[in-house]
Amino acid sequence: MAQVKGDEIVDQEKSIRNNLGSPECVDVRNVKLFSQAEWKRLNGQIHGDTEELKRVEEKRKANEEVHQTSKEMVKNWTNTFLGARQKKLDERAKRLAKEEQAKVAIDLEEAKYQAKQRKAAIDEAKLKIYYQTDRVRKFHSALTLTEVLKEREMQLEFKDLCKKLNDNKDRAYVKKLQKELEEATLEEQQKAAERLAKNVENANFLREQMQIKQEIKKKQQEESFAEGEQLRRQLIEDQLERERLEQLYRENATRLQIDYQDQIKGQKQMKEIERLKEEEEEEQCRIFAAAKKKMIERRVLREREMFKAREDQLDKIRSHLAELLTEAGEEVDERIRQSMAERDLAELQKEQEKAKKLAQTLAEIESHRVAQIQQKRKEMEAEKLAELEEVRVRAATERALAEYEAQCAQAKLKKYKQLSEEYLEQQRKKEEERRLMREREVQFCATSHKLAALEEKVFQDYTKRVTEHCKANGRNVYPLKMAARTTANFGLGSSLPGETSVVDYVEAQGDEPDRKTTNNDNKDNNNENRSNDDSARKNNNNNNAASVGRSSSSRLAKKAGV
């Protein structure tokens with residue numbers, strides 16, 4: 001029975017030792033074990049700085065919250081230095097606002113006064129310009145001729161009277177009349193000289209104004225040309241900058257593609273190096289396992305030889321004891337059998353304890369080996385997951401790059417479409433502006449015809465009243481009727497074809513130079529100003545022309561009466 005149990009123990013040891021000879025086995029001597037206190041101490045040393053920084057950050061946040069709370073509490077206090085200073089600043093701001101309002105009111109009053117002064121000056125200039133129109137000047141010349149004819153008649157009458165006085169020998173009366181005539185002639189000459197000086201002054205003033213307008217017009221043309229040149233240069237610079245940016249974008253895209261290919265090659269090389277390293281590690285593990293297996297086999301053979309030698313020795317002892325027992329008798333044989341049984345039992349117990357310890361050690365080794373295998377498998381799975389994640393990130397990057405390029409192409413296409421739509425819209429607006437300009441020209445011609453008719457009506461009314469006044473005072477009205485005739489050139493303007501009347505020039509003298517500029521960018525604005533001027537003339541020219549005609553006719557009527 002002891003022999004059978006010994007064989008079972010030997011077979012169990014063989015199976016355990018065969019399992020230990022596998023390449024997946026890990027030596028317990030290469031594993032470091034830590035106690036719980038040692039593990040906590042190491043964790044405290046590793047993560048101690050992080051915990052300390054966290055405590056310092058929490059303390060800083062608490063102090064900052066207390067500071068903000070106290071700052072909000074004392075923000076609106078007026079009994080502190082900052083509160084008093086803020087109160088003074090608010091009062092100063094209110095005082096400055098009141099002063100600014102007073103200044104604005106004064107500026108408004110001054111602007112109104114200046115507007116009144118400008119309106120009075122404009123009215124006076126309109127009246128002077130109205131007096132300088134061709135037909136009015138021609139009519140005034142006819143009026144002067146009428147006065148000259150009247151004076152000639154008076155001189156003839158005086159001559160006849162002088163003859164009569166000579167006949168009547170009334171020298172004293174003749175001298176008196178001569179003296180009065182000389183005084184009247186001198187007075188009339190002085191008035192004529194004053195009128196001539198005033199007319200010369202008005203002509204000089206108008207000449208200066210025309211020169212100023214021409215200089216302003218020339219300066220505006222030069223500024224428009226300079227602005228056009230600057231815009232052209234800026235457009236060329238923008239085009240060059242756009243081409244440079246596109247070149248940089250293409251270079252960056254090429255460089256990114258090259259870097260991406262280099263990165264892929266580097267990753268492939270790293271994978272190849274890791275694979276070779278793993279193969280070397282597996283080869284070392286196989287060599288180590290083969291050496292371990294040989295060592296265990298030698299150890300088993302050596303133990304088997306020792307066991308066989310011990311069995312041989314036991315057999316010798318048994319045979320010797322059997323001989324002794326046979327010689328000593330049954331009693332001695334009984335004692336020997338008992339002692340042998342006790343010794344076999346003790347050896348069996350020792351062998352069982354030894355086998356139990358060996359099985360426990362092998363079980364621990366097996367569990368550690370399984371744990372190491374699982375850890376190795378987890379590490380390999382983690383590496384595979386990392387590789388898969390890297391592949392996923394690379395694919396996402398490639399998709400993002402493709403989407404970005406597609407978006408760029410779509411944005412560029414959208415930009416080109418928008419530019420084409422803008423160009424078409426600008427072309428449509430230009431066509432619409434040309435059509436409106438033609439309509440405005442037609443409307444301007446119709447308005448000019450109406451204004452000419454109104455001017456003719458005002459002029460005829462003025463000449464009629466002056467003619468009637470002169471006729472009532474005994475003047476020769478034939479020159480006035482000839483000057484008041486309706487000519488082929490309608491209105492009060494110049495007799496040259498294609499020129500506008502003086503009233504139109506007065507109403508639009510601030511806008512005419514701008515309307516005649518050749519700059520393409522200013523044409524639209526000038527046409528708008530021209531249309532605004534035409535609409536303003538429709539509403540205001542009737543009253544202005546009538547008032548100018550009435551004032552001028554009344555003044556000339558007074559002169560004729562004198």
Identify all residues within segment 368-383 that are closer than 26 Å to MET270 by Cβ and either touching a Pro at 6+ places or on another chain (Cβ under 6 Å) or of a type in the set (Lys, Arg) (or both); write none if there are none. LYS376, ARG377, LYS378
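Tell me the residue from GLU305, GLU272, GLU281 that is at pLDDT below 80, farther than 27 Å from ALA402 by Cα and loosely packed, with under 11 Cβ neighbours inside 10 Å, please. Give the steps one after another, and end with the answer.
On the way: GLU305 fails: at pLDDT below 80; GLU272 fails: at pLDDT below 80.
Selected residue: GLU281, the only one of GLU305, GLU272, GLU281 that is at pLDDT below 80, farther than 27 Å from ALA402 by Cα and loosely packed, with under 11 Cβ neighbours inside 10 Å.
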Pull out all pairs, ordered by first then second residue, where Cβ-Cβ is under 8 Å, the residues are six or more apart or on different chains, the first lies in segment 449-460 and is without any contact (Cβ under 8 Å) to a residue 60 or more places away in the chain, and the second is exposed (fewer than 14 other Cβ atoms within 10 Å of the Cβ) and among the β-branched types (Val, Ile, Thr). GLU456/THR486; GLN460/THR486
Cβ-Cβ below 8 Å, separation at least six or inter-chain, first residue in segment 345-369 and more than 30 Å from ALA289 (Cβ to Cβ) and of a type in the set (A, V, I, L, M), second modelled with pLDDT under 80 and part of a helix (DSSP H, G or I): which pairs? LEU348/ALA2; LEU348/LYS5; LEU348/GLY6
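Going residue by residue through segment 66-79, is there one that turns out to be more than 30 Å from ASP90 (Cα to Cα) and either among the aliphatic types (A, V, I, L, M) or in contact (Cβ under 8 Å) with a residue 60 or more places away in the chain (or both)?
Going residue by residue through segment 66-79, those that are more than 30 Å from ASP90 (Cα to Cα) are none.
Among the residues of segment 66-79, not one is more than 30 Å from ASP90 (Cα to Cα) and either among the aliphatic types (A, V, I, L, M) or in contact (Cβ under 8 Å) with a residue 60 or more places away in the chain (or both), which makes the answer no.
For segment 343-375, name all the residues that are among the hydrophobic types (A, V, I, L, M, F, W, C) and exposed (fewer than 11 other Cβ atoms within 10 Å of the Cβ).
Looking only at segment 343-375, we keep the residues that are among the hydrophobic types (A, V, I, L, M, F, W, C), and these are 345-346, 348, 355, 358-359, 362-363, 365, 370-371, 373.
If the condition is that a residue be among the hydrophobic types (A, V, I, L, M, F, W, C) and exposed (fewer than 11 other Cβ atoms within 10 Å of the Cβ), then ALA346 is the only one that fits.
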Find the residue count for segment 118-139, including only residues that are crowded, with 18+ Cβ neighbours inside 10 Å and not hydrophobic (A, V, I, L, M, F, W, C). 4
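If the requirement is being surrounded by 14 or more Cβ atoms within 10 Å (Cβ to Cβ) and at pLDDT 80 or above, which of these qualifies: MET482, MET437?
On the way: MET482 fails: surrounded by 14 or more Cβ atoms within 10 Å (Cβ to Cβ).
On inspection, the qualifying residue turns out to be MET437.
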Of these, ALA125, ALA102, ALA142, ALA121, which one is in a helix (DSSP H, G or I) and within 42 Å of the chain's Cα centre (by Cα)? ALA102
Mind listing whichever residues of segment 457-475 are surrounded by fewer than 17 Cβ atoms within 10 Å (Cβ to Cβ) and not hydrophobic (A, V, I, L, M, F, W, C)? LYS457, GLN460, ASP461, LYS464, GLU468, LYS471, ASN473, GLY474
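The values are calculated or read from the model by the stated rules, or taken from the named source; none is laboratory data. Predicted model, so just to flag it, every value in this text is computed and none were measured. Cβ coordinates were reconstructed from backbone atoms using ideal geometry, including for glycine residues, and neighbour counts include every protein chain displayed.
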